[in-house]
Amino acid sequence: MALRAFLIAAWLVLLTYTGLVISNHGMNLLPIFFGDMAEMGWPGQFNLDFMIFLALSALWTAWRNGFSPAGLGLAIIAFFGGAGFLLPYLLLLSIQTKGNVRHMLTGRR
């Protein structure tokens, strides 16, 4: 239950924060994201680190779903959706697997 509470709380915080950022700055994320990386400073280093995390999240999502067409579709959503995808996905998996973390992370293999 603690994991589920964290996932819900984190998702709500992320949704609220993202909504505020969009209302203040618009949806123009990619030029800023890659611009920071091109400047070779700490914001760019953080963005590169985060992009690698997104790729790992997408790879895990595809692997967990057996690289099926649905799994590959979810992987694309995982890469571009970040925690906005991963938090509710993990919540759903925790419910489907009745809290069995092993099955949650590896699927029923």
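Residue count for segment 6-39 satisfying the condition of being touching a Gly at 6+ places or on another chain (Cβ under 9 Å) and more than 15 Å from PHE50 (Cβ to Cβ): 3.
Residues that are part of a helix (DSSP H, G or I) and among the small types (Gly, Ala, Ser) were ranked within segment 1-42; the one that is nearest to the chain's Cα centre (by Cα) is ALA10. The set of residues in segment 69-109 being charged (D, E, K, R) and surrounded by 16 or more Cβ atoms within 10 Å (Cβ to Cβ) is empty. Residues that are of a type in the set (A, V, I, L, M) and either under 16 Å from TRP11 (Cβ atoms) or outside any helix (DSSP H, G or I) (or both) within segment 51-93 comprise ILE77, ALA78, ALA83, LEU86, LEU87, LEU90, LEU91, LEU92, LEU93, listed in sequence order. Entry remark, segment 23-53: residues being of a type in the set (A, V, I, L, M) and either touching a residue at least 24 places away in the same chain (Cβ under 8 Å) or farther than 22 Å from ILE76 by Cα (or both) number 2 in total.
Checking each residue in segment 57-94 for being in contact with a Lys or Arg (Cβ under 8 Å, 6 or more places away or on another chain) and touching a residue at least 60 places away in the same chain (Cβ under 8 Å) picks out LEU91, SER94.
The residues of segment 42-57 that are out of contact with any Gly (no Cβ under 9 Å at 6 or more places or on another chain) and either aromatic (Phe, Trp, Tyr) or exposed (fewer than 11 other Cβ atoms within 10 Å of the Cβ) (or both), listed by number, are TRP42, PHE46, ASP49, ILE52. Out of (1) part of a loop (DSSP other than H, G, I, E, B); (2) in contact with a helix residue (DSSP H, G or I) (Cβ under 7 Å, 6 or more places away or on another chain); (3) not polar (S, T, N, Q), what's the single condition that is false for LYS98? Exception for LYS98: condition (2). A count restricted to segment 62-89 and to residues that are on the phi < 0 side of the Ramachandran plot and within 10 Å of the chain's Cα centre (by Cα) stands at 13.
Laboratory data are not the source of any read-out in this text; all were calculated from the coordinates shown. Everything numeric in this text was worked out from a predicted model, so none of it was measured. Cβ atoms come from the backbone with ideal geometry, glycine included; neighbour counts cover every protein chain shown.
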